[in-house]
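Engineer: Got a structure for you, written out below as structure tokens; questions coming shortly.
Read-outs throughout are calculated quantities, based only on the coordinates presented, and are distinct from any laboratory measurement. Nothing here was measured: the structure is a model prediction, and the numbers come from that model. Cβ placement follows ideal geometry from the backbone for every residue including glycine, while neighbour counts extend to all protein chains displayed.
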Amino acid sequence: MVLLEFAMYPTDKGESVSDYVQRNLEIIDDSGLPYKLGPMGTCLEGEYEEVMAVVNACYARMAADCGRIACTLKFDYRAGHAGRLDSKVETLVRKTGRDLST
């Protein structure tokens, strides 16, 4: 399973791009994959091909009417482990003994 975090946004549409990011979030939510929205990106969990299909769909939708697009992407593959979207954070909460802000 892969955890993939990415942020994608146009750089040619002015200061506020939330309308474009919102379109990505519709694609992400419609994918059916587990995800967590963060203030600077979204983390997906699934098989490599599944999460990359979501990134590709977001890119295709954005490229339809944006002339310049920026994207950051990072992923963590771990064989045989699912549910890490929550378990990685839960492990750190347990180890620190603190109610961490997530």
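Engineer: Just want the ordering: E49, E15, E26, from fewest to most Cβ atoms lying within 10 Å of their own Cβ. Working shown, then result.
Structural biologist: Details: E49 8, E15 4, E26 11.
Ranking E49, E15, E26 by Cβ neighbours within 10 Å, fewest first, gives E15, E49, E26.
Engineer: log10 I(q)/I(0), Debye, Cα-only segment 2-96, no solvent, q = 0.14, 0.15, 0.17 Å⁻¹?
Structural biologist: -0.53, -0.60, -0.74
Engineer: Compute, for the chain, the length of the dipole vector about the Cα centre, with Cβ point charges of +1 (Lys, Arg) and -1 (Asp, Glu) only. Units Debye, rounded to 20.
Structural biologist: Roughly 440 debye for the chain.
Engineer: Can you sort M62, M40, M52 from fewest to most other Cβ atoms within 10 Å of each residue's own Cβ?
Structural biologist: M40, M52, M62
Engineer: Now a separate question. Taking 0.36 nm per intervening residue step and subtracting the Cα-Cα distance, what contour gain separates I69 from L92 on full extension?
Structural biologist: Full extension of this stretch gives 4.9 nm more.
Engineer: Additional query: Calculate one ³J(HN,Hα) per residue across segment 32-45 by plugging θ = phi - 60° into the Karplus curve 6.51 cos²θ - 1.76 cosθ + 1.60, and present them in order as whole Hz with x for glycine and proline.
Structural biologist: Coupling constants for segment 32-45: x, 6, x, 8, 10, 7, x, x, 10, x, 10, 10, 10, 10 Hz.
Engineer: For the chain, what is the relative contact order in percent, using Cα pairs closer than 8 Å and at least 6 residues apart in sequence?
Structural biologist: 42 percent
Engineer: Next up: Taking 0.36 nm per intervening residue step and subtracting the Cα-Cα distance, what contour gain separates S18 from A60 on full extension?
Structural biologist: This chain segment gains 13.4 nm when fully extended.
Engineer: Among L25, T91, F6, whose Cα projects farthest towards the positive end of the dipole of segment 2-96, with charges put on the beta-carbon of Lys, Arg (+1) and Asp, Glu (-1)?
Structural biologist: Of the listed residues, the answer is T91.
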